[in-house]
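*Asks:* Mind looking over this structure? Questions follow.
The values are calculated or read from the model by the stated rules, or taken from the named source; none is laboratory data. If you're wondering where the values come from, they're calculated on a predicted model, not measured in any experiment. We place every Cβ from the backbone using ideal geometry, glycine too, and count neighbours over all the protein chains shown.
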Amino acid sequence: MKLARAYVGISGWRYPPWRGVFYPQGLRQASELHFASRSFSTIEINGSFYSLMRPETYEAWYQDAPEGFTFAVKGGRYITHLKRLKDVASPLANFFASGLLRLREKLGPILWQLPPQQAFDEAKLRAFFELLPRSTKQAARLARRHDQRLAGRSETRALTDRPLRHALEIRHASFVQPAFISLLREYGIAACVADTAGLFPCIEDVTADFVYVRLHGSSELYTSGYTPRELSRWATRIDGWTAAVSGPRSALIAEPPAASPRDVYVYFDNDVKVRAPFDAANLERLLNGKRVQRLPATLDAVTETPFNDWSRWRGLGSK
C-alpha cells in the first residue's frame with residue numbers, strides 16, 4: 001500500500017520582494033520556478049484563477065519542475081466569483097482546455113475558492129460537483145467542448161488516465177454545518193483547511209482521500225508569519241492526517257470509522273512580507289523531525305506593502 005505523505009510549498013512564486021531575500025541576489029526571473037521547485041515539493045499555481053493560461057505556459061512549467069514535483073492549480077474566478085457556479089459547463093470546458101493537462105503526472109489537486117459573499121446552497125454545489133471531471137480522461141473529454149475563445153490555443157488530450165482531486169475553499173459562515181460536510185464526502189471533495197487569522201471559517205473535517213491546507217497568516221491575513229510553536233501545532237495536525245489518527249475535536253461530523261492515511265497538501269500564502277517560503281521550509285523541517293531554522297536577517301529590510309499595490313505584482317499568484 002502506498003504510504004501517505006505531506007507536500008509542503010508556497011502559493012505562487014513570482015513576487016518582486018522575494019528577490020534577494022528568498023531568491024538569491026541576481027537570479028533571473030525566468031529561473032525563479034526552477035529554484036522554487038527544487039526548494040519545495042509542491043507549488044500552488046494561482047495565475048489560473050485570474051485568467052485562462054495557455055498550453056505552452058503549462059508545458060514550460062512542466063519542463064522547469066523536477067521529477068516527482070506536484071503542482072496544485074487554482075480554478076478560475078470567472079467560474080467561482082463571476083458566475084457563482086451557475087451555468088458553468090462551458091467555462092469549465094474552457095478551463096480544462098487551457099492547458100493544465102500538459103502538467104501530466106505533475107498535476108495535483110485543483111482548488112476552487114468561493115467568494116466571501118457566497119452562502120451555502122446545496123443544490124448549486126451539487127450541480128457543480130456533478131460537472132467536475134474525476135480523471136484526466138474525463139477532463140480531456142470535457143475540454144473538447146470548449147468554445148471559440150480557445151480555438152487554436154487549447155489542449156484536449158490526456159496522455160495517461162489519472163485520477164483528479166478537487167478541493168473547495170469557503171469563506172461564508174453558512175457552510176459551517178453537517179449538510180455541507182456530508183455533501184463533500186458524498187462527492188469525495190476536500191474541504192480546504194484555511195487559516196485566515198480568524199477572518200473566515202476554518203473547517204477541519206476530513207471529507208476526501210486527501211487534505212488541502214492553505215495558511216494565509218496566523219494573526220494578520222497574508223502578512224503575519226508563523227512562530228515555531230504555531231508551526232509545530234500544524235505539523236501535529238498534518239502528522240495526524242497522514243497517519244489517519246482521529247480527527248480534530250472541532251469537526252462537524254465524526255471521522256468515518258474506516259479512515260485511512262491521507263496525502264496532505266499545504267500551501268503558505270502569507271507572502272506580503274516574504275514569510276511564506278521560510279515558514280514552508282520550517283514546517284517541512286518539523287515534519288522531518290528537525291528543528292526550525294532562524295529567519296534570515298534580510299527579512300528585517302522587507303517593508304510593508306499595501307495589498308492593493310501587492311496584488312498587481314501577483315502575476316502568478318493570487319489570494
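*Asks:* Under 8 Å between Cβ atoms, at least 6 apart or on separate chains: pull out the pairs that start in the range 203-224 with a residue that is touching a residue at least 24 places away in the same chain (Cβ under 8 Å) and closer than 16 Å to Glu44 by Cα and end on any residue that is aromatic (Phe, Trp, Tyr) and in a strand (DSSP E or B).
*Replies:* So the pair list comes out as Phe210/Tyr265; Val211/Tyr265; Tyr212/Tyr265; Val213/Tyr265; Val213/Tyr267; Arg214/Tyr267; Leu215/Tyr267; Leu215/Phe268.
*Asks:* Please determine, by comparing only the residues of the range 137-155 that are more than 23 Å from the chain's Cα centre (by Cα), without any contact (Cβ under 8 Å) to a residue 40 or more places away in the chain and not in a loop (DSSP other than H, G, I, E, B), which one is surrounded by the most Cβ atoms within 10 Å (Cβ to Cβ).
*Replies:* This residue is Arg141.
*Asks:* Starting from the range 81-97, take each residue that is of a type in the set (Phe, Trp, Tyr) and list its partners that are at pLDDT 95 or above, counting only C-beta distances under 7 angstrom and pairs at least six apart or across chains.
*Replies:* What qualifies is Phe95/Leu52; Phe95/Gly75; Phe95/Gly76; Phe95/Ile79; Phe96/Pro133; Phe96/Ala139; Phe96/Leu142; Phe96/Ala143.
*Asks:* Of Phe96, Phe120, which residue is at pLDDT 95 or above, crowded, with 16+ Cβ neighbours inside 10 Å and under 16 Å from Ser174 (Cβ atoms)?
*Replies:* That would be Phe120, the only listed residue that is at pLDDT 95 or above, crowded, with 16+ Cβ neighbours inside 10 Å and under 16 Å from Ser174 (Cβ atoms).
*Asks:* Among the residues of the range 56-78, how many are over 12 Å from Ser37 (Cα atoms) and surrounded by fewer than 21 Cβ atoms within 10 Å (Cβ to Cβ)?
*Replies:* 6
*Asks:* If you don't mind, there's one more thing I want to ask. Out of all the residues in the range 57-112, which are under 15 Å from Glu44 (Cβ atoms) and assigned to a loop (DSSP other than H, G, I, E, B)?
*Replies:* Residues satisfying the conditions are Ala65, Phe69, Gly75, Gly76.
*Asks:* Same structure, new question: Filter the range 1-21 for residues that are more than 25 Å from Glu155 (Cβ to Cβ) and at pLDDT 95 or above and give the result.
*Replies:* Once the filter is applied, which keeps residues that are more than 25 Å from Glu155 (Cβ to Cβ) and at pLDDT 95 or above, the range 1-21 yields Ala6, Val8, Ile10.
*Asks:* Is it fair to say Pro115 is within 17 Å of Gly188 (Cα to Cα), not in a strand (DSSP E or B) and not aliphatic (A, V, I, L, M)?
*Replies:* no
*Asks:* Cβ-Cβ below 7 Å, separation at least six or inter-chain, first residue in the range 241-255 and on the phi > 0 side of the Ramachandran plot, second at pLDDT 65 or above: which pairs?
*Replies:* Ala244/Ala259; Ala244/Ser260; Ala244/Pro261; Ala244/Arg262
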